[in-house]
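I have placed the structure first, in the form of C-alpha cells, so that the comments after it can refer back to it.
The values are calculated or read from the model by the stated rules, or taken from the named source; none is laboratory data. Being a predicted model, the structure only gives us computed values, none of them experimental. In this analysis, Cβ positions are derived from the backbone assuming ideal geometry, glycine residues included, and neighbour counts consider all displayed protein chains. What goes into the accessible areas is simple: the full protein's heavy atoms, side chains included, and nothing from ligands, DNA or RNA. Shrake-Rupley method; radii C 1.70, N 1.55, O 1.52, S 1.80 Å.
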Amino acid sequence: MNPSDSGKVNTILHNLRGEQFRHSQNIQGSRIQVHLRAGLIHNSPTLPFKLHDHGIAATEAESTAEMPQTWSGPKPPKSWRMEITSAMRANMLSLLLSVSSQASVPSLTLLCLRRISSMPTNEFIHDIIPFVPPHLRCQLLRDTALHFPLPNPKLYALCEPEGTADGELIIVGPTQSLHNGFFLHSAREGAYQTAWDEEEWSPSPLHTFILLSTPLSTSTLLTLSPTITHMALINLPNALPLHRLPGICPLLVVLDLSYNVWLHLASKEATKILDRVQWNRWTHLRKLGFRDCYVYDGLLAKLNQGKWDDVQVVLT
C-alpha cells in the first residue's frame, strides 16, 4: 500500500472515531459539556453571578445548587417542604417589603453584598460582617430573603449583636429557623455600652419581624418585642394563640397572616382562633394581610370597631 494511502486511511478512521464520540455524547445529553460549563462559571473570579435575559441576578436554581437543603432538627413533612421560588417569596412578602415588579440590573452595592454573602462561613462571620454597617446589613438581609436565604450561621451573624439588621429580622424556612428564646438572648446581648472612642452604630429596636415557612413556638411568641410595628407570620406550619398578640405587640401598623393553613376556610379552628382576638386593642393597625384566609361573618365589623378609618384588608 502506498504510504500516502495509509495516511488517508488513518485520517478517515480518526474522523470516524471523533464522529462516534460526539454522537455518543449527544445521546447521553452532553453531560460532560454541562459539567465543564458549570465548572468554568463556578471558578470564574469575574462572574460571581450568572446572566439571564433581563440582567444580572441569582436564579432560584443557582441558590439551590449553592445552598444545600438543611434543617435544624427533624426534616419537615413532605407536604410542607414544597419548593418555594424567588417569585413566590416576593409575592408572599410584598405587603411588607417593597419588591419591584420589573427586572432590573442590580446596583454595584448589591452586587458586592451578594458576593460577600457567597463567601465561606468563617470568613463571612469573622472577617467581613463586623465591618458592614447596619443599613447595608439590612439591604443584604432583604435581598437574600427573597433570592437565596442564608443558612442559619450567616443569618444570625448578620443580625449580631442586637438580633436585628438595622431593626429588621427576616427568617425564611425551611433552610432557616428561629431559635427558642432568641428574643430573650438578643435583649441581653443588645444591652451593651459603646466606648466613647469606638465608632458608634446606634442599635435600632426591632420594628420589622417577618417569619415565612418556619415554626414559631408559643413560648417564643410571648417574648416578641413590644416595639414591633410591622409583622408577617406567613405560611407557618403550626397554629398560634393570636389572641395573645395584641397585648404583646400593641403598636402594630401592618400585620400579615396570609397563607396559613390553620386560618383557611377548610380549617376547623380558624373561626375559633380569629374570634378570640381583641382587634380593637390594635389602635394603630392600618393594614391586615389575609390572603387565602377565612373571613367569617362579623370579622370585618369586629376588626374596625372603634376606629375612625377602616383597616385595609388584603385578601388577594
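Restricting attention to the stretch 125-159 and to residues that are more than 18 Å from the chain's Cα centre (by Cα) and free of Cβ contacts under 8 Å to residues at least 60 places away in the same chain, the residue that is most open to solvent (accessible area, probe 1.4 Å) turns out to be F131. For the stretch 262-271, the condition of being open to solvent by 20 Å² or more (accessible area, probe 1.4 Å), outside any loop (DSSP other than H, G, I, E, B) and aliphatic (A, V, I, L, M) holds for none of the residues. In the stretch 284-300, the condition of being open to solvent by 80 Å² or more (accessible area, probe 1.4 Å), among the basic types (K, R) and touching a Leu at 6+ places or on another chain (Cβ under 8 Å) is met by no residue.
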